[in-house]
Amino acid sequence: MNRRYRKTVIAGNWKMNKNATDTKKFAEELKAIMPKTKWCEVVVCVPAVNISTAARAFKDARVAIGAQNMYYEPAGAFTGEVSADMLKNLGVKYVILGHSERRQYFGETDVIVNKKVHAALEAGLHPIICVGESLEQREMGITMELIALQVKSALYNVSADKLRKCIIAYEPIWAIGTGKTATSEQAAEVCTAIRTTIRQLYGARVARSVTIQYGGSMKPSNAAELLAQSDIDGGLIGGAALKADDFVAIINAANQD
Ligand code: PEP
């Protein structure tokens with residue numbers, strides 16, 4: 001983390017978990033043990049149908065609401081989809097875009113991710129843009145090129161001003177939901193490379209202002225070490241964000257003086 005230049009953001013990705021009743025219960029549990037978050041922003045990215053419930057339940061807490069996906073068109077005949085404006089209108093601040101599960105199971109490409117980034121920014125949302133390599137790609141030694149390509153495609157035609165509203169989440173696919181975390185060295189190496197790519201595109205001042213998260217089996221036992229890396233400015237957390245006490249332990253790791 002480097003708090004002098006950028007915000008630390010701890011975001012939970014609930015994926016397709018928790019109904020409205022569970023959402024209210026979680027909010028009560030979290031609020032009961034949530035520390036004063038002096039140093040970091042806390043976000044819960046809930047299923048779209050639970051956004052209103054979450055927005056109400058967290059109204060009196062310092063927890064921002066995030067969505068996990070959206071469509072890039074503003075309105076129209078796109079059955080089953082949700083627009084950026086609809087999310088914004090419900091009080092959503094962040095939206096996860098290009099998560100590897102969306103790329104893998106729902107055919108989301110770099111081009112689609114870029115369109116979604118533009119639509120989200122246009123609506124005033126903060127995109128959390130996910131990038132990451134598979135185990136095969138890591139073993140082939142193409143991680144850095146692949147991540148640079150994903151970052152450049154996602155940010156294609158995004159202005160420096162708008163980039164300041166984006167978060168990049170480095171999520172090695174082999175570490176998501178597997179319990180297998182990237183070592184802090186592996187995670188830091190890629191996060192630093194992401195900042196270098198942004199520096200090449202936008203210059204040093206902009207690059208140092210961008211929040212870069214790590215995601216992939218982050219949990220209470222490894223959060224502090226990962227967050228101690230200067231280019232890791234927070235976490236995108238799946239499994240460990242589903243339990244209030246685990247999530248708070250990670251928040252505490254990010255919230256140290
Ligand atoms: C994720 O879904 O973004 C994620 C990082 O999941 P997990 O923490 O469970 O690996």
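Below is a table of values for the structure above.
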| quantity | calculated |
| --- | --- |
| Positions within the range 199-208 being open to solvent by 30 Å² or more (accessible area, probe 1.4 Å) and either closer than 15 Å to R6 by Cα or at pLDDT below 95 (or both), in sequence order | R199, A204, R205, R208 |
| The range 35-68, residues that are in contact with a strand residue (DSSP E or B) (Cβ under 7 Å, 6 or more places away or on another chain) and of a type outside the set (A, V, I, L, M) | W39, C40, E41, C45, F58, R62, G66, Q68 |
| Of all residues in the range 210-257 being open to solvent by 30 Å² or more (accessible area, probe 1.4 Å), in contact (Cβ under 8 Å) with a residue 40 or more places away in the chain and in contact with a Phe, Trp or Tyr (Cβ under 9 Å, 6 or more places away or on another chain), the one that is nearest to the ligand (Cβ to nearest atom) | L242 |
| Selected residue [closer than 18 Å to I96 by Cβ, aromatic (F, W, Y) and out of contact with any Asp or Glu (no Cβ under 7 Å at 6 or more places or on another chain)] from Y170, Y156 | Y170 |
| All positions within the range 154-164 that are out of contact with any His (no Cβ under 8 Å at 6 or more places or on another chain) and buried (at least 18 other Cβ atoms within 10 Å of the Cβ) | A154, L155, L163 |
| Near pairs, Cβ below 9 angstrom, 6+ apart or cross-chain, from the range 57-69 (open to solvent by 40 Å² or more (accessible area, probe 1.4 Å)) to any residue that is in a strand (DSSP E or B) | R62/E41; R62/V42; Q68/N13; Q68/C45; Q68/V95; Q68/I96 |
| Count of the range 104-119 residues which are within 16 Å of the ligand (Cβ to nearest atom), open to solvent by 10 Å² or more (accessible area, probe 1.4 Å) and touching a helix residue (DSSP H, G or I) at 6+ places or on another chain (Cβ under 8 Å) | 2 |
| Residue match in the range 183-191 (condition: buried (at least 18 other Cβ atoms within 10 Å of the Cβ), within 16 Å of the ligand (Cβ to nearest atom) and within 14 Å of the chain's Cα centre (by Cα)) | yes |
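The values are calculated or read from the model by the stated rules, or taken from the named source; none is laboratory data. Quick caveat, the model's predicted, so the values are computed rather than measured. Reconstructed Cβ throughout: ideal geometry from the backbone, glycine too, with neighbour counts over all protein chains shown. Heavy atoms of the whole protein, side chains included, go into the accessibility calculation; ligands, DNA and RNA do not. Shrake-Rupley method; radii C 1.70, N 1.55, O 1.52, S 1.80 Å.
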